[in-house]
Amino acid sequence: MNNRLTLLRSATCTVLILTGSFHASSASSLLPAEQVQPMPNAIAGKPQLPKPKASPDPVELAALYYYAQQGQKERVDREIRRISIKYPDFAVPGDLFQPVEERKVDETVLWRLYEKDDYVGIDNEISRLASENTGWEPSSDFQQKLNRRKQRFEMVRATKAEDWAAVIAAGHDLDPKSEPEADLLWMLVDAYSQNGMLDQASLIYQGILFREGEQRLSDDVLITTLQKAARDFPAAELRQVIRQLSGSPTVAARSKILDLDLMRRELADYVAGIEGATEPLPAMLVALRRSADEKTGSKDQLLLGWYYLKVAQRKEAETWFRRALLSAPSSEALKGLSLTLLQDEKRAEAFQVVSDNLALASQDWESFLAALAVAFMEKSEKKPDSKAVDAFANAIQAAQSPEHAELLGWYAYNGLQFESAQAWFRKSFEWKPSAAALKGQLLASLRRKDKATYGDLEARFGGDYREVFADLKTARAPTGQKGQTVATPSEQGQPQYLASFKARRYGDCLADLSKKAASGRLDANAELIRGWCSLSLNRISEARSAFETAVRGGGGKGDDALYGLGLTLLRARLTADAETLLLRGGFSPARERELRSELLWQKARIAFDQKRYAEVIANLDMRLQLAPEAVGMTQMRAWSHYHLGHLSQSKAIFTALNQVVRDAGNTRGITAIEERMGLWR
């Protein structure tokens with residue numbers, strides 16, 4: 001591939017120099033002199049026909065088959081005359097006017113590979129068959145089924161992996177109003193839902209539910225879709241939709257299946273405090289309690305637990321959360337139980353139940369900070385073991401909680417672990433400056449006889465925190481109470497939003513950041529991650545806002561924030577804004593080259609669409625000085641010359657390109673030029 005790219009780049013540069021397409025200052029090749037390929041004869045000297053072969057190859061015949069498929073008889077005749085001059089022994093193929101799908105090419109191997117989902121093998125086999133059968137393409141039936149199977153394969157794979165961004169990418173072209181395979185749409189709905197993209201999800205739901213005529217889906221599909229919608233939309237909206245669909249007697253009858261789903265949704269709306277939600281009727285609670293008693297009732301057990309916690313019936317809430325934790329252990333059941341125990345002043349029990357289920361707690365450390373912190377308070381009756389200490393440290397770093405970092409610092413300080421104490425106090429102050437965290441750092445540095453650190457802190461903060469330094473003389477000595485070993489903050493420790501980002505759970509990442517923002521302002525590094533998560537979900541305006549904030553705050557390393565902003569502007573086709581950003585500078589050479597190359601390519605495409613062909617060539621010239629051209633770019637260059645009437649330059653580019661990459665598009669370009677020049681009339 002690298003050799004092929006080198007040849008392509010060399011051929012392109014050679015053509016541009018000889019046809020005068022480059023400015024004088026850019027006439028040198030991008031390659032070292034010893035790597036420049038010899039000039040094709042068609043350009044370097046007088047046009048010379050290659051030595052005649054026994055018969056034209058498939059690429060030579062591509063234009064002939066193309067005109068035949070289009071029913072352009074006159075062009076077919078002219079192309080036959082052209083080929084006959086070049087190949088005196090040429091005979092017109094017998095299958096020239098046959099539909100492509102009717103040509104006798106055995107596709108058995110393709111279908112076998114298709115059943116194995118061997119898409120690389122399919123591509124290789126198609127290339128082989130095309131090279132052996134001039135003008136052949138896979139049958140339309142195979143091509144359509146292959147594209148659909150590829151799409152299904154990618155969506156199923158991504159759904160199983162819970163890679164929701166990949167599901168969205170694979171299913172982006174599905175039409176919710178006409179797609180016959182509802183399960184593909186359901187996968188897309190799940191992906192949008194998991195990423196919190198309910199506006200997009202609502203369009204899919206509407207496309208499934210409100211079809212008419214032949215496009216209408218079965219009642220089973222409609223009912224299942226409504227059950228899914230109960231997860232994402234308020235009960236009042238669901239009931240309104242059901243009323244609209246009840247014109248069908250079967251839907252009206254079967255919608256009773258949804259009664260329990262609607263009850264669940266109504267109770268969830270009430271628990272969440274959604275506007276308009278009303279307190280549940282006793283009959284609803286009876287029905288849900290009955291459902292919760294079944295083997296598959298763990299979700300109803302959780303829902304009842306949250307309801308009873310909301311209405312302050314904590315004993316009842318505790319019962320349901322304990323049942324849910326026993327029947328289907330989950331982080332949510334553990335969270336509900338620990339919160340209930342804390343609210344009921346059963347702090348020691350809350351710590352113990354979390355400490356006994358640290359694997360579940362690790363799925364959402366932030367939610368268990370309060371329960372874990374119980375054992376680290378000065379007069380706590382519970383004493384943490386080493387696993388609980390490690391878990392508390394992990395939870396603190398995941399939540400980036402300055403208060404709890406300070407608490408762990410005092411635990412270490414009183415246990416005479418001054419190095420660890422100093423590190424946790426420093427981390428607390430880094431996340432949120434406070435007098436208590438500074439005092440902890442100073443005391444720990446005094447105990448360690450660390451005069452350098454003490455002096456640095458005094459120089460930096462002595463003016464703003466005079467009372468802290470004054471209090472040091474009367475500060476209480478550490479208790480010396482022996483405790484578990486406390487490690488210093490881990491370099492590998494990371495906040496929850498960053499873990500979600502690395503796992504490509506972009507919706508969770510944004511939810512984590514929203515939770516963090518609710519408790520305080522996001523720093524520049526968090527804004528940077530918010531930008532990447534938003535861009536990954538194609539939320540362009542949110543991504544731009546986050547990256548701009550990160551740029552102002554100096555988020556990330558080097559030019560990370562600027563680079564993200566540049567990619568966002570280019571994704572939005574805001575070429576003028578992207579160009580202004582590049583003019584500001586601040587990028588590494590590699591990233592500036594990448595962004596500028598994409599910017600020039602976008603400008604070339606826009607100019608081509610608007611038939612400003614001179615601008616196309618100018619932008620491609622500038623881009624070629626930064627990066628090699630892909631085949632499609634060079635073909636655009638050749639067509640631009642064609643439209644400008646530069647037929648010699650256009651033909652030279654197509655010819656040179658065809659010597660490097662044999663492509664039917666090049667042959668069609670050459671044929672069009674020769675027709676325009678009157679060579680084959």
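The values are calculated or read from the model by the stated rules, or taken from the named source; none is laboratory data. Owing to the predicted nature of the structure, the values given are computational and were not obtained by experimental measurement. Here the Cβ is made from the backbone with ideal geometry for all residues, glycine too, and neighbour counts use every protein chain on show.
Observations on the structure shown:
- Yes/no for Val109 being at pLDDT 85 or above and under 30 Å from Ala62 (Cα atoms): yes
- Residue tally, condition in a helix (DSSP H, G or I), in contact with a Ser or Thr (Cβ under 8 Å, 6 or more places away or on another chain) and not charged (D, E, K, R), over the range 309-332: 6
- Residues of the range 378-413 satisfying the condition of being at pLDDT below 90, closer than 21 Å to Gln441 by Cβ and over 38 Å from the mean Cα position of the chain (by Cα): Glu378
- Elements of type helices (runs of 4 or more DSSP H) in the range 427-479, at least 3 residues being crowded, with 18+ Cβ neighbours inside 10 Å: 435-447, 451-461
Yes/no per residue for (1) farther than 23 Å from Ala375 by Cα; (2) touching a residue at least 60 places away in the same chain (Cβ under 8 Å):
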{"site": "Arg426", "(1), (2)": "no, no"}
{"site": "Phe429", "(1), (2)": "no, no"}
{"site": "Leu446", "(1), (2)": "yes, no"}
{"site": "Lys451", "(1), (2)": "yes, no"}
{"site": "Tyr454", "(1), (2)": "yes, no"}
{"site": "Glu458", "(1), (2)": "yes, no"}
{"site": "Gly462", "(1), (2)": "yes, no"}
{"site": "Ala470", "(1), (2)": "yes, no"}
{"site": "Thr479", "(1), (2)": "no, yes"}
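- Within the range 572-629, being outside any helix (DSSP H, G or I), over 20 Å from Gly555 (Cβ atoms) and of a type outside the set (Asp, Glu) holds for Ala572, Arg573, Leu574, Gln610, Lys611, Arg612, Gln625, Leu626, Ala627, Pro628.
Matching residues to (1) loosely packed, with under 14 Cβ neighbours inside 10 Å; (2) at pLDDT below 90:
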residue	(1), (2)
Ser202	no, no
Tyr205	no, no
Glu214	yes, yes
Thr224	no, no
Lys228	no, no
Pro234	no, yes
Leu238	no, yes
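For (1) modelled with pLDDT of 95 or more; (2) more than 26 Å from Glu294 (Cα to Cα), each residue gets a yes or a no:
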site: Arg314; (1), (2): yes, no
site: Glu318; (1), (2): yes, no
site: Ser338; (1), (2): yes, no
site: Gln343; (1), (2): yes, yes
site: Arg347; (1), (2): no, yes
site: Asp364; (1), (2): no, yes
site: Ser367; (1), (2): no, yes
site: Val374; (1), (2): no, yes
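- If you check Ala576, Ala590, Ala572 for being without any contact (Cβ under 8 Å) to a residue 60 or more places away in the chain, surrounded by fewer than 19 Cβ atoms within 10 Å (Cβ to Cβ), over 24 Å from the mean Cα position of the chain (by Cα) and in the same structural domain as Arg539 (by TED's automatic domain parsing), only one passes: Ala576.
- Odd one out for Pro280 among (1) part of a helix (DSSP H, G or I); (2) modelled with pLDDT of 90 or more: (1)
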